[in-house]
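**Student:** Below you will find the structure I want to go over with you.
Each value in this text was obtained by applying a stated rule to the coordinates, not by laboratory testing. Everything numeric here is computed off the predicted structure, so don't read it as measured data. Note that we place each Cβ from the backbone using ideal geometry, even for glycine, and neighbour counts take in every protein chain shown.
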Amino acid sequence: MTSAPGYGAVSYWLETAGDLSPRPALDGSTRADVAILGAGYTGLWTAYELLRREPSLDIVILEKDIAGYGASGRNGGWCTSDSGASLSLLTRRFGRDSARRAQLAMYSAVDEVGRVAAAEGIDAAFRKGGKLSVARGAAQLPALREAHEEQLHAGFRDRCTVLDAAELSERVRIHGAVAALFSLDCAVIHPGRLVRGLADVVVRRGARLYERTPITQWEGGAHPVLRTTTGEVRASTIVLAAEAYLSQLPSLRRAVLPVYSLIVLTEPVDDDRWNAVGWEGHECISSMRLTVDYLSRTDDARIVVGGRGAPYRFGSTMDETLAHHAATHASLRQMLPAWFPSLGDVGFSHAWGGAVAIPRDFIPQIRHDRRSGVAMAYGYTGHGVAFAQLAGQTLAELILEEQSELTSLPFVGHVSRRWEPEPLRWVGVRAAQAGLARVDARQGRKRPPRRRSLAERLVNR
Ligand SMILES: Cc1cc2nc3c(=O)[nH]c(=O)nc-3n(C[C@H](O)[C@H](O)[C@H](O)COP(=O)(O)OP(=O)(O)OC[C@H]3O[C@@H](n4cnc5c(N)ncnc54)[C@H](O)[C@@H]3O)c2cc1C
């Protein structure tokens with residue numbers, strides 16, 4: 001049996017991640033060296049990396065539902081070396097050398113997820129098949145060329161290859177594809193088994209994980225503290241590891257924008273149909289359109305189709321109904337036959353969603369303020385599977401006052417400006433969401449956009 005209150009229904013990944021029975025909630029108050037808010041990848045990797053360096057540390061993790069309830073138990077399963085901020089954005093903001101170092105660290109983070117999962121016996125189905133960014137139609141070719149040039153400019157010629165239509169179809173046969181950029185540094189994982197496995201590992205290593213324990217207040221200063229309605233945890237350092245949910249916490253409401261990203265999952269696909277499609281390399285696949293779309297193969301022969309999210313809700317409201325936005329799920333189901341006409345009769349078994357956290361400048365941030373004892377990492381814009389590993393290592397080193405290549409990355413200490421207050425935020429975000437969809441629709445009609453729309457100006461600023 002899974003557990004009350006039906007955590008298995010949150011996503012296919014949690015449904016197939018084993019026992020979900022909640023661990024005991026915090027009863028009263030306690031003390032720790034480090035207290036972590038949130039048992040997703042960020043919180044758990046931070047605990048893991050701290051304990052790996054200092055096994056005697058007393059670490060408490062407080063989770064409002066169960067480990068993996070947030071994006072870490074719901075995502076698309078791409079363990080990608082993209083950080084959410086493009087190489088060209090990082091280059092513009094921090095210079096070529098810093099952008100390159102950030103990218104190299106992301107390459108390592110992808111491998112580190114696979115390495116630790118194997119070393120700790122976590123059955124995360126890690127499989128590094130690379131990534132195909134596909135131009136579906138001539139209108140998407142300029143974006144593909146731009147992505148390739150970005151890699152060449154940063155000196156990563158050896159990590160990516162352009163494939164023409166024939167070369168691509170030797171790997172996977174995608175309707176309407178005219179070319180693709182293949183990059184090596186991306187793996188697929190089973191997100192639920194990774195996050196639940198990590199939770200077991202840190203508990204085995206001595207961390208105290210309290211589930212169904214919502215934090216209502218936090219405070220830094222001389223005595224950093226995380227508070228529940230019935231108690232508190234005082235610690236030398238508190239780590240706020242709640243990503244999109246940070247927007248619901250006092251004094252962080254405008255730090256990130258919570259935007260719901262949605263997924264549908266097929267029934268297992270039979271061998272004959274796989275033979276028609278190819279895709280033996282298990283590459284992660286997306287197109288070059290502006291609104292997100294992506295597909296991947298699971299280790300049990302299903303296809304994940306993910307993409308465009310639900311409309312932004314006024315006041316950064318987070319609400320599970322947004323994870324089940326019917327019109328978005330319907331449009332995702334239509335993607336499969338459009339990409340693979342021979343799979344048109346394959347049925348869908350699951351649909352879910354979750355919130356990603358978008359910082360105002362699209363650059364993820366990792367910081368530890370020694371004076372206030374507050375550490376945090378967030379703003380991954382839907383790219384947190386590998387990034388959270390990097391963030392966990394970096395936060396551990398910052399908290400333990402170690403200096404390394406990681407602690408000098410441009411994400412460290414970076415602070416994005418806050419999102420606008422409402423109603424400006426709602427008006428701007430809704431306009432951008434609609435604008436991006438309009439640009440994609442024009443590309444779908446095979447005519448490149450004639451002039452820059454509001455959305456293009458927003459994303460290309
Ligand atoms: C649908 C979807 C698809 C995605 N696809 C990909 C992908 O393919 N590749 C990729 O790299 N990234 C992807 N992402 C993003 C990635 O999943 C996240 O960036 C990553 O999981 C963030 O991890 P986290 O630990 O920081 O946050 P979370 O996993 O959200 O963890 C935060 C935790 O904090 C808990 N919490 C919140 N508030 C409180 C509180 N007040 N008190 C106590 N606990 C609290 C939550 O319950 C949650 O468990 C996707 C995200 C979604 C939603």
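**Student:** Using Cα atoms only, what is the angle between the long axis of helix 191-204 and the major principal axis of the chain, expressed in degrees (0 to 90) to the nearest 10?
**Tutor:** Approximately 20 degrees, to the nearest ten.
**Student:** Which stretch or stretches of segment 307-341 have amide N atoms under 14 Å from the point lying 7 Å from Ala276's Cα along the Cα→Cβ direction?
**Tutor:** Correct set: 336-341.
**Student:** If you line up the long axis of helix 41-53 against the longest principal axis of the chain, both from Cα atoms, how many degrees apart are they, to the nearest 10?
**Tutor:** Tilt relative to the chain: about 60 degrees.
**Student:** Using a simple spin-label model with points 7 Å from Cα along the Cα→Cβ vector, what separation in nm is obtained for Leu184 and His223?
**Tutor:** 5.4
**Student:** Now a separate question. Please give the charge dipole size of segment 306-410, origin at the Cα centre, charges +1 on K and R Cβ atoms and -1 on D and E Cβ atoms. Round to the nearest 20 debye.
**Tutor:** The calculated dipole for segment 306-410 is roughly 340 debye.
**Student:** Let me ask something else. To make sure I understand, if each residue's beta carbon is the centre and we count other beta carbons within 10 Å, what order do Phe94, Phe387 fall in, fewest to most?
**Tutor:** Ranked by crowding around the Cβ, least crowded first: Phe94, Phe387.
**Student:** How much net charge surrounds Leu406 when only other residues with a Cβ under 15 Å from its Cβ are counted (Lys, Arg +1; Asp, Glu -1)?
**Tutor:** Summing Lys/Arg as +1 and Asp/Glu as -1 gives -2.
**Student:** Continuing with the same structure: Once label points are set 7 Å from the Cα along Cα→Cβ at both Leu343 and Val427, what is their separation, rounded to one decimal in nm?
**Tutor:** About 4.2 nm separates the two model spin labels.
**Student:** Counting only the backbone N, which residues of segment 287-305 are under 15 Å from the spot 7 Å out from the Cα of Glu146 toward its beta-carbon?
**Tutor:** 287-292
**Student:** How far, in nm, would the chain grow between Glu170 and Asp97 when pulled straight, counting 0.36 nm per residue and subtracting the alpha carbon separation? Walk me through the numbers on the way to the answer.
**Tutor:** Values: separation 73, 0.36 × 73 = 26.28 nm, distance 3.60 nm.
Answer, rounded to one decimal: 22.7 nm.
**Student:** Sort Tyr380, Tyr210, Tyr41, Tyr260 so the one with the fewest other Cβ atoms within 10 Å of its own Cβ comes first.
**Tutor:** Ordered from fewest to most neighbouring Cβ atoms within 10 Å, Tyr380, Tyr210, Tyr41, Tyr260 come out as Tyr210, Tyr260, Tyr380, Tyr41.
**Student:** What angle, in degrees between 0 and 90 and rounded to the nearest 10, separates the Cα long axis of helix 384-399 from the longest principal axis of the Cα atoms of the chain?
**Tutor:** Between helix and principal axis, roughly 30 degrees.
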